[in-house]
Amino acid sequence: MDDLLLDTAIAEEEKEEPVPEKKEKPKKTLKEEILDWAKTLVLYCFLPLAIFQTFCFMASVPTGSMETTIPVGAQVMTTRIFNKDNVERGDIIVFDSDELEIVLIKRCIGLPGDTVAFNGSGAVYINGEYLEEPYVSSWSGFEGEFTVPEDCYFFVGDNRAGSLDARFWENPYVHKSDIKGKARFVLFPFSSFGTLE
């Protein structure tokens with residue numbers, strides 16, 4: 001009798017337990033699918049793009065005025081400047097030119113209140129002191145002196161012999177409200193890929 005009970009118990013254990021039926025997920029409607037895709041696009045595409053455009057933008061250089069620092073046709077990543085009083089001498093700045101009605105990229109050499117003097121042999125003096133400019137790729141025989149008004153800046157190209165810049169404008173001073181950002185990085189062409197100084 002004990003053997004019979006034991007055999008019965010073993011047989012019951014060996015019986016397969018019923019597999020629970022898999023519940024199929026209800027299929028999404030077309031509207032739900034579109035909403036899912038829209039959320040993904042916003043999260044992974046539009047949101048990063050909006051953040052990038054809030055703090056950065058791309059600028060292009062149409063002329064050789066900044067060679068060899070920035071070649072013609074270069075695409076430059078620029079960070080927006082929110083406090084325009086933070087612009088420093090030597091910064092490469094992107095700004096709106098009211099006079100030429102275009103966006104320009106030039107190097108800042110004159111700050112508010114500075115006297116900028118070109119002596120005709122290529123040398124530049126700021127408030128009477130010689131300005132070291134290792135970035136300049138060509139010299140110009142331009143001679144002249146400029147006193148930068150308050151809230152304004154003085155911009156020139158690194159390729160002094162080939163740059164139409166503040167030295168030749170009717171109004172040589174750029175108001176801080178026209179400053180857009182600081183050029184940081186050349187993305188294209190790849191031969192010039194790298195940070196800007």
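Laboratory data are not the source of any read-out in this text; all were calculated from the coordinates shown. This one's a predicted model, so the numbers in the text were calculated from it and none came from an experiment. Don't worry about glycine lacking a Cβ; one is built from the backbone with ideal geometry, like all the others, and counts go over all protein chains shown.
Okay, here's what the table says:
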{"read-out": "Around Ser138: net Lys/Arg minus Asp/Glu count, Cβ-Cβ under 9 Å", "value": "-1"}
{"read-out": "Proximal charge balance of Val94 [Cβ under 11 Å; K/R count +1, D/E count -1]", "value": "+2"}
{"read-out": "Residue-count net charge about Phe57 - beta-carbon cut-off 12 Å; Lys, Arg +1, Asp, Glu -1", "value": "+4"}
{"read-out": "Rough spin-label spacing in nm, given labels placed 7 Å along Cα→Cβ, for Tyr130 and Ser191", "value": "3.4"}
{"read-out": "Kirkwood hydrodynamic radius of the range 59-195, Cα pairs, Å", "value": "14.9"}
{"read-out": "Spherically averaged projected area in nm², based on the convex hull that wraps the Cα atoms of the range 52-106", "value": "4.3"}
